[in-house]
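So the structure is just underneath, and the comments pick up after that.
Read-outs throughout are calculated quantities, based only on the coordinates presented, and are distinct from any laboratory measurement. If you're wondering where the values come from, they're calculated on a predicted model, not measured in any experiment. In this analysis, Cβ positions are derived from the backbone assuming ideal geometry, glycine residues included, and neighbour counts consider all displayed protein chains.
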Amino acid sequence: MPVFLVDAVAEAHAVLEGPEGRHAAAVRRIRPGERVDLTDGAGAVGECVVRETLKDGLVLDVLRRYTVPAPAPRIVVVQALPKGDRGELAVEMMTEVGVDVIVPWAASRSITQWRGDKAAKALGKWRATAREAGKQARRFHRAEVAELATTRDVVRLAEQAALALVLHEAAARPLARVELPGSGDIMMIVGPEGGVAETELAAFTEAGAVPALLGPTVLRTSTAGVAAAAVLQARTGRW
C-alpha cells in the first residue's frame, strides 16, 4: 500500500491534502476504493480506504489505527560529505535499510564542503531524500537527518553512544565480530573519499570509538554506510 506522511493520524476520517494530497491524487492517481496508509513518522499508522478523490487530495475512511514501536537499538550513521549527488544516494539507501539517524559530517578530507546558503540547500536535499525514501520503504518511523556536524561534534556523539564504531581499512577487528551492547545507540562513522585523517581517528578512539573493518574490498563512502548498517541490522536482530 502507498504510504503518506501526515502531521497526525485521525481516528475515523481524514482528508489528505497539501503536497502529499496532490501527489496522491494528481501523480499517483489513486481512486475511490483503493487502500492507502497514513503515518506521522513517529510510529502512528492509519490503514485507510479512499472514499472520494479531490482535485488536490483524498477523503479517507480510517479502518484501523495502531502504533509501531520504535526499532531498537537505534543505529546512527555519521556520514562524511561525499562528492556530487552521492550524498543523496547514501541517504536514500541508508533510509531504505532502516538507519535511524544520519549525521552529515564535514571531515577534514571531504572534497565537498557545505558553506553558507549551500549548506541549507544541501541539508534540505538530504532531508527530502530521507522523507521520500522512508515512504517508499514503508517506514513508519522517519529517518532523522541531523544538522551538519564538525569533528568535535562527532567526538561528543561518540562519547554518548553505547557503542561507537569507525569504519577503517586498517582495523584488525571485523565489524561482524565486534561485541555489541545490550541496549543504547550504536553509532558508525563513515569517512570521506580520502579516508579518515589520523588526527580524526585518534580523537574518535580517545572518545571510545572502536575501529572496525567492513570487509576485504574497498567501498565508496556513499555505499559503506548502507553495507555496514545491513550487517548491524542482522546482528542486532532488527532484521
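General observations
- Counting only alpha carbon atoms, the long axis of helix 86-97 and the longest principal axis of the chain meet at about 70°.
- Cα-based radius of gyration for the range 110-239, normalised by 2.2 N^0.38 Å, reads 1.09.
- Those aspartates and glutamates that a straight Cα-Cα span of less than 14 Å connects to LYS125, excepting residues fewer than 8 apart in one chain: ASP85, GLU88, GLU92, ASP117, GLU144, GLU147
- Charge dipole of the range 59-99 (Cα centre as origin; +1 on each Lys and Arg Cβ, -1 on each Asp and Glu Cβ, all else neutral): 200 debye, rounded to the nearest 20.
- In plain terms, the residue of LEU213, LEU81 with the fewest other Cβ atoms within 10 Å comes first and the most crowded comes last, giving LEU213, LEU81.
- Taking 21 Å as the straight-line reach from the Cα of LYS118, the lysines in range (excluding those fewer than 8 positions away in the same chain) are LYS83.
- Backbone geometry of the range 146-161 corresponds, through the Karplus equation with coefficients 6.51, -1.76 and 1.60 at θ = phi - 60°, to 3J(HN,Hα) couplings of 7, 5, 4, 10, 8, 4, 4, 4, 5, 4, 5, 5, 5, 5, 8, 6 Hz, x marking Gly and Pro.
- Top of GLY134, GLY43, GLY18 by mean-square fluctuation, Gaussian network on the chain, Cα under 10 Å: GLY18
- Percent of beta bridges antiparallel (DSSP, the range 3-67, rounded to nearest 5): 85
- The chain, relative contact order in percent, only Cα pairs under 8 angstrom and at least six apart counted: 20
- Loop-located GluC sites (Glu not before Pro) in the range 130-161 (DSSP state not H, G, I, E or B) with no more than 10 neighbouring Cβ atoms inside 10 Å: GLU147.
- Fluctuation leader among LEU54, LEU180, LEU163 - the chain, Gaussian network, Cα springs under 10 angstrom: LEU54
- Put simply, the amide H of LEU81, placed in the peptide plane, has neighbours under 5 Å in TRP105, ALA107, leaving out anything fewer than 5 places away on its chain.
- The phi-based Karplus calculation (6.51 cos²θ - 1.76 cosθ + 1.60; θ = phi - 60°) puts the 3J(HN,Hα) values of the range 171-188 at 5, 8, 9, x, 4, 5, 10, 5, 5, 9, x, x, 7, x, 6, 10, 10, 10 Hz, whole numbers, x for Gly and Pro.
- For the range 191-239, the extents of the C-alpha atoms along the principal axes are 35, 24, 17 Å, listed from largest to smallest.
- Comparing GLY191, PRO82, ALA162 along the charge dipole axis of the range 77-216, the residue lying farthest to the positive side is PRO82, per the Cβ-charge model.
- In order through the range 57-67: 3J(HN,Hα) via Karplus (6.51 cos²θ - 1.76 cosθ + 1.60), integer Hz, x for Gly, Pro: x, 10, 9, 10, 9, 8, 7, 8, 10, 8, 10
- On full extension, the segment bounded by GLU179 and GLU52 gains 40.4 nm, given 0.36 nm per residue less the C-alpha separation.
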